[in-house]
1. Can we say A176 is under 30 Å from L97 (Cβ atoms), of a type in the set (G, A, S) and free of Cβ contacts under 8 Å to residues at least 40 places away in the same chain?
2. Which one of the conditions (1) hydroxyl-bearing (S, T, Y); (2) modelled with pLDDT under 90; (3) surrounded by 11 or more Cβ atoms within 10 Å (Cβ to Cβ) does S41 fail to meet, given that it meets all the rest?
3. Return only the number of the condition from (1) over 30 Å from I224 (Cα atoms); (2) aliphatic (A, V, I, L, M); (3) surrounded by 15 or more Cβ atoms within 10 Å (Cβ to Cβ) that L97 does not satisfy.
4. Counting just the residues of the range 542-554 that are out of contact with any Gly (no Cβ under 9 Å at 6 or more places or on another chain) and part of a loop (DSSP other than H, G, I, E, B), which one comes out modelled with the highest pLDDT?
5. Only one of these is open to solvent by less than 60 Å² (accessible area, probe 1.4 Å), in contact (Cβ under 8 Å) with a residue 40 or more places away in the chain and out of contact with any His (no Cβ under 7 Å at 6 or more places or on another chain): E220, E189. Name it.
6. Would you point out the residue of the range 442-452, among those that are part of a helix (DSSP H, G or I) and open to solvent by 90 Å² or more (accessible area, probe 1.4 Å), that is farthest from M424 (Cα to Cα)?
7. State which residue pairs qualify: first residue in the same structural domain as R66 (by the TED database) and in contact (Cβ under 8 Å) with a residue 60 or more places away in the chain and inside the range 242-261, second residue open to solvent by 100 Å² or more (accessible area, probe 1.4 Å) and part of a helix (DSSP H, G or I) in any location, beta carbons under 9 Å apart, and separation of 6 or more residues or different chains.
8. Might you let me know whether the range 453-461 holds any residue that is more than 30 Å from P394 (Cα to Cα) and open to solvent by less than 80 Å² (accessible area, probe 1.4 Å)?
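The values are calculated or read from the model by the stated rules, or taken from the named source; none is laboratory data. Since this is a predicted model, take the numbers as computed values, not measurements. Heads up, the Cβs are rebuilt from the backbone with ideal geometry, glycines too, and the neighbour counts pull from every protein chain shown. Ligands, DNA and RNA are stripped out before the accessible areas are found, and what is left, the full protein with its side chains, is counted by its heavy atoms. Shrake-Rupley method; radii C 1.70, N 1.55, O 1.52, S 1.80 Å.
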Amino acid sequence: FFFFYSLQDQFDNLEKHTQWGIDVLEKYIKFVKERTEIELSYAKQLRNLSKKYQPKKNSKEEEEYRYTSTRAFLATLNEMNDYAGQHEVISENMTSLITAELTRYVQELKQERKSHFHDGRKAQQHIETCWKQLEASKRRFERDCKEADRAQQYFEKMDADINVTKADVEKARQQAQLRHQMAEDSKAEYSSTLQKFNSEQHEHYYTHIPNIFQKIQEMEERRIVRIGESMKTFAEVDRQVIPIIGKCLDEITKAAESVDHKNDSQMVIEAFKSGFEPPGDVDFEDFTQPMKRTVSESSLSNSRGDGKSEPKFGSKSKGKLWPFIKKNKLMSLLTSPHQPPPPPPASASPSAVPNGPQSPKQQKEPLSHRFNEFMTSKPKIHCFRSLKRGGAGPEDFSNLPPEQRRKKLQQKVDELNRDIQKEMDSRDALTKMKDVYIKNPQMGDAASVDHRLAELGQNIEKLRLEVQKFEGWLAEVEGRLPARSEQPRRQSGVYEAQNASGVNSCAQDRESPDGSYTEEQSQETEMKVPATDFDDEFDDEEPLPTIGTCKALYTFEGQNEGTISVAEGEMLYVIEEDKGDGWTRIRRNEDEEGYVPTSYVEVYLDKNAKGA
């Protein structure tokens with residue numbers, strides 16, 4: 001009996017141990033599941049990182065990826081995307097080969113464990129029942145034996161007593177015999193029950209319980225083997241993707257080794273080379289002798305020294321002139337007078353006039369002043385055609401350097417040829433469709449495609465004209481056609497701006513140091529716009545806005561080009577302040593404007609007077 005309850009304790013211990021084994025298995029499943037989540041999150045972050053640094057389509061950033069270094073970076077991003085894919089493979093394989101399999105196995109293990117312990121409890125209950133039957137039979141046998149012994153003793157007492165009748169003695173004897181028979185029956189039953197219990201007990205402890213323990217042991221060993229195999233699979237899943245990850249890293253290394261600094265440098269040169277020739281030497285300007293500084297004398301280009309006068313603005317100039325100036329004002333207003341302004345009349349000093357103007361500032365050295373302004377200023381308008389397009393570049397790309405212009409024109413020609421090919425393909429398809437309709441009228445009306453065919457024909461003709469136009473410009477740039485204008489002379493106020501800045505065939509809106517608008521032309525490049533284009537460009541240009549008013553303190557006779565005569569006391573509009581050269585630009589009416597000495601007028605600047 002003690003051994004039986006000791007075995008019961010072992011069943012409890014085994015039940016606790018097997019439950020602990022299942023808990024360990026479930027804990028490992030949870031660990032693998034969290035690992036798969038980490039792999040998925042890592043892969044997602046890698047993909048987002050790769051996507052974040054991918055170049056945007058149809059953007060300037062995409063053009064930068066033509067260099068070997070940026071292409072290598074792009075290859076790295078693509079390989080990182082594949083690298084992320086391998087981590088997703090790890091997650092998927094661990095989920096299917098470990099998590100899902102172990103989860104299913106745990107359910108089977110729980111059912112098997114439950115079955116085994118149920119059989120063990122059933123065997124224990126059976127042996128307990130047999131034991132109780134044996135105990136009951138034993139107690140009954142013991143009781144019957146005691147009753148038979150008492151009946152025998154009573155019979156013997158009655159038989160020895162002479163006062164007891166014979167009938168009473170016979171009755172006592174029969175009772176004793178009955179008790180002895182009951183005792184014998186109980187003994188036989190007890191003996192049978194004992195033999196049965198011993199047999200059941202032997203079967204229980206030597207057959208049923210060992211079998212149950214053996215099954216529980218095998219179940220536990222299978223669990224241990226299964227978790228070991230899962231751990232091995234855990235490592236194998238990682239090992240399977242190592243070759244592919246190694247290939248990704250090899251591709252990144254290969255992309256890094258493909259970086260060619262010489263090639264990138266050459267691409268930069270090809271992308272930004274202008275095609276301009278370097279500027280010539282700057283002439284020495286002698287300030288020791290008084291001279292009248294004209295436009296041709298202050299040029300930064302090589303002076304011809306042949307005594308030829310500068311081209312008149314009224315003649316057919318081959319270069320473009322500055323915007324915002326009407327044709328009838330160009331000759332007088334294009335440049336301010338370059339000689340120092342005359343002093344006020346001696347009879348009335350400006351200082352004697354209340355709030356009179358200060359004397360003009362000393363004129364700055366023209367060469368250094370203009371060169372500094374050129375280096376710091378930016379062109380406001382790159383080409384006259386852009387004025388009518390709201391600031392967009394010209395159609396012939398004349399605002400670009402020659403080499404860049406050639407590339408842009410070639411790209412445009414290729415693009416137009418592709419468009420023509422698309423339109424021709426569409427026309428051929430419609431023509432075939434029309435033929436099918438003619439042969440099989442039930443399939444459709446052949447006349448229904450005529451309108452579309454006509455449209456395609458018109459589109460193709462327009463595109464061909466565009467191609468011819470751009471091919472003509474391209475031929476000019478490449479030197480296959482003669483230029484449409486002669487090479488102009490450089491005029492004053494020009495200081496190799498086109499050669500230095502890389503701007504071709506396009507005037508730039510800059511002011512000279514003395515406040516005048518000048519004209520930029522190149523000796524190395526030819527102007528592409530005929531003189532008639534200039535007339536069309538400025539017919540409708542608006543005059544410069546007024547920035548204030550002024551009162552003439554003295555009478556001034558404007559005898560030089562660009563000046564205007566004023567009378568004492570006359571009120572005029574100011575359209576340009578003194579730039580430090582002693583001259584102020586004024587306007588009398590819509591057609592009369594020019595420069596007067598700053599010391600001859602009293603200026604009242606008023607921003608609200610703009611557009612008056």
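1. In short, no.
2. It is condition (2) that S41 fails.
3. All conditions are met except number (1).
4. Y554
5. None of the others qualify; the one that does is E220.
6. The qualifying residue farthest from M424 (Cα to Cα) is Q442.
7. Final answer for the pair search is A255/R71; S258/R71; V259/R71.
8. yes
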